[in-house]
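Notes follow once the structure below has been shown.
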Amino acid sequence: MPGIFGVSREDGNKPLDYYEVLQINRNADMETVHRVYRFMATRFHPDNSKTGDLERFLILRQAYQVLSDPEKRQQYDAATASADSEPLEIFELQEFIDGTEGEVNRRLGVLSILYRRRRRNDGSPTMSLLDLEKRMSLPREYLDFTLWYLRAKGYVKAEDNSDYALTAAGVDYLESISPHNKIARELMWPQNGSMSSARPVPEQAVAACA
């Protein structure tokens, strides 16, 4: 559905994640929405000769128009409530299945999912093994060795309820390799791909930024 939900599924693209666009969690209060938008809009406004980015600015504004309106935000939240539990398309790639490469990439997959969970849900940063299976579209047998290794390295920890959470060591490791690892970057920041697949910015939108 176009409109407040951004790019539509009927157009072959998933809707934009407005919380990821603004890099805030789903529980962010209205003051946070306003403050973060003002900061990012100033940075990416096309009048900014150093960091201006018209396409990103328009997407930011689109996200803000929804999340700053209580009624629209409620509708958006209801429509995207299942987004955090849906399988991620990137895990359909062969690179997550075969041999040592598949194992290494599955480790990156678990770390990146927990990384995003920690950033966006600081009050509930854990995920169950079942949730990880669903997000990665992989059977639990494919994740047993992966999780053993990550726990042994201290990159993840199992809480009392057996849910998994990212550690500071896991954050350091993932951030240290992401500049040099394409898979890690795409896993950590999938919204960048969504932005690049969004509809072209119409010419009349350029004038609206003046």
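The values are calculated or read from the model by the stated rules, or taken from the named source; none is laboratory data. No experiment lies behind these values; they were computed from the predicted model shown. In this analysis, Cβ positions are derived from the backbone assuming ideal geometry, glycine residues included, and neighbour counts consider all displayed protein chains.
Listed by position, the helices (runs of 4 or more DSSP H) inside region 1-99 whose residues that are modelled with pLDDT of 85 or more, within 22 Å of Glu186 (Cβ to Cβ) and outside the structural domain of Arg140 (by TED's automatic domain parsing) number at least 2 are 18-22, 30-44, 54-67. Restricting the first member to region 61-81 and to residues that are loosely packed, with under 13 Cβ neighbours inside 10 Å, and the second to residues that are in a helix (DSSP H, G or I), the beta-carbon pairs closer than 8 Å and six or more apart or on different chains are Pro70/Met30. Every test in (1) in contact (Cβ under 8 Å) with a residue 60 or more places away in the chain; (2) buried (at least 17 other Cβ atoms within 10 Å of the Cβ); (3) farther than 27 Å from Met136 by Cα is passed by Ile90 save one, and that test is (3). Taking the listed residues Asp144, Asp172, the one that is more than 20 Å from the chain's Cα centre (by Cα) and outside any loop (DSSP other than H, G, I, E, B) is Asp144, with no other qualifying. Of all residues in region 27-60, those being crowded, with 18+ Cβ neighbours inside 10 Å and either in contact with a Cys (Cβ under 9 Å, 6 or more places away or on another chain) or of a type in the set (S, T, N, Q) (or both) number 2. Taking residues in region 42-54 that are free of Cβ contacts under 8 Å to residues at least 24 places away in the same chain, and partners anywhere that are among the basic types (Lys, Arg), the pairs with Cβ atoms closer than 7 Å and at least 6 places apart or on different chains are Phe44/Arg56; Thr51/Arg43. Annotation for region 110-123: at least one member residue is within 16 Å of the chain's Cα centre (by Cα) and either at pLDDT 95 or above or farther than 23 Å from Asn25 by Cβ (or both). Could you say whether any residue in region 105-119 is farther than 26 Å from Asp172 by Cα and surrounded by fewer than 20 Cβ atoms within 10 Å (Cβ to Cβ)? No: zero hits.
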